Amino acid sequence: MALLPILVAPDPRLKQIAAPVARVDGTIRKLIDDMLETMYAAPGIGLAAPQLGELKRVIVVDVAKDDETPRDPHALINPELIWVSDEDATYEEGCLSVPEHYADVTRPARIRVRYLDRQGEVRETEADGLLATVIQHEMDHLEGILFIDHLTSLKRNMILRKLLKARKAEPVT
Ligand code: K1U
Ligand code: ZN
């Protein structure tokens, strides 16, 4: 397994649409393992392959509450929303590609998602609460959408300007 660097906005690779996975093979399973290692190390509760510069439709999620709760990793390949509730839920979202910024985002409260698992089997699952939010947030990454794209352009541009300023202040390596 490998710990991989996470792209930070405004990186143009985060705005691209990811390609479907044609075959679930060892390369995809290695990508999933690397994504999980990178997500746990960050730490985060979700990660999408484009955040690592891999324009493939793969996401990982683990919303286990704390260090005491056993890990519960989920890997979803080619995920599709096949049902969303009329009822919405609002959560304060963060993103490892938008470090140190958080904002309320409203999305459907419950979802049903179809995907391929790491064996390439078709699966369907229903999610609500934080898990539904994180799956939708990660699926947005596959379309080149960041949570800040759900905010007003004023708030989004303010955050992007701060991220650029922080990047310029970083020492050259
Ligand atoms: O960058 C990402 O896509 C991961 C992101 C997922 C997410 C968090 C909250 C709402 C929607 C989506 C994160 O994991 S940000 C870090 C974070 O929220 C967290 C980290 C450690 C413990 C608990 C939360
Ligand atoms: Zn994110």
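Does ALA9 satisfy being buried (at least 16 other Cβ atoms within 10 Å of the Cβ), in contact with a helix residue (DSSP H, G or I) (Cβ under 6 Å, 6 or more places away or on another chain), over 23 Å from TYR115 (Cβ atoms) and modelled with pLDDT of 95 or more?
The answer is yes for ALA9.
For the stretch 109-128, which positions are of a type in the set (D, E, K, R) and either within 16 Å of ligand 2 (Cβ to nearest atom) or outside any strand (DSSP E or B) (or both)?
ASP117, ARG118, GLU121
Does ARG110 satisfy being over 19 Å from LEU47 (Cα atoms), among the basic types (Lys, Arg) and in contact with a Leu (Cβ under 8 Å, 6 or more places away or on another chain)?
no
Are there any strands (runs of 3 or more DSSP E) wholly within the stretch 12-108 with 2 or more residues that are surrounded by fewer than 17 Cβ atoms within 10 Å (Cβ to Cβ), and if so which?
So the answer is 74-84, 88-93, 103-108.
Run down THR125, THR90, THR106 and say which single residue is within 26 Å of PRO20 (Cβ to Cβ), of a type in the set (S, T, N, Q) and under 18 Å from the mean Cα position of the chain (by Cα).
THR125
Between PRO99, PRO108, which is under 25 Å from MET158 (Cβ atoms), of a type outside the set (D, E, K, R) and in contact (Cβ under 8 Å) with a residue 12 or more places away in the chain?
PRO99
The values are calculated or read from the model by the stated rules, or taken from the named source; none is laboratory data. Here the structure is a predicted model, which means the values were calculated and not measured. Counting neighbours? That spans all protein chains shown, and the Cβs are built from the backbone with ideal geometry, glycine included.
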